[in-house]
């Protein structure tokens, strides 16, 4: 188990609202379990990649442009629909895109919690405390 929050890096093109949304939802939903950052795939630096435990390109193009990852980072591609570009332009598409991101963040959190329970049991403690 991590002794610190898992570091999650979201990548997409410059100014992509999916990065902002994924970072915000991860901070809200995964507080204490995950720490998130977002970056443009064109501008991501080695220091940011070294920080990450999990790198998530948010579309196939960002995956193709993603630089080589350090051995300590894992890659998971989320091929998400675009979110509308302007604030207040949410509408159905924006809500659907945010719902997909929210669902995936909840799944990541569930996975981390499950791993934590397994580690606790291996250490001889009962996780039902």
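The values are calculated or read from the model by the stated rules, or taken from the named source; none is laboratory data. Note that the structure is a prediction, hence the values are computed from the model and not measured. Cβ coordinates were reconstructed from backbone atoms using ideal geometry, including for glycine residues, and neighbour counts include every protein chain displayed.
Observations
- Hits in the stretch 47-65 - residues which are surrounded by fewer than 20 Cβ atoms within 10 Å (Cβ to Cβ) and assigned to a helix (DSSP H, G or I): 47, 48, 49, 50, 51, 60, 61, 63, 64, 65
- One residue stands out in the stretch 36-46 among those that are surrounded by fewer than 19 Cβ atoms within 10 Å (Cβ to Cβ) and at pLDDT 95 or above: the one that is nearest to the chain's Cα centre (by Cα), namely 37.
- Whichever residue in the stretch 71-80 is out of contact with any strand residue (DSSP E or B) (no Cβ under 8 Å at 6 or more places or on another chain) and surrounded by fewer than 13 Cβ atoms within 10 Å (Cβ to Cβ) and, among such residues, is nearest to residue 98 (Cα to Cα): 79
- Residue in the stretch 82-99 that is modelled with the highest pLDDT, counting only those that are part of a loop (DSSP other than H, G, I, E, B) and exposed (fewer than 12 other Cβ atoms within 10 Å of the Cβ): 85
- Failed condition for residue 15, given (1) on the phi > 0 side of the Ramachandran plot; (2) at pLDDT 95 or above: (2)
- No other residue among 107, 60 is under 22 Å from residue 27 (Cα atoms) and at pLDDT 90 or above apart from 107.
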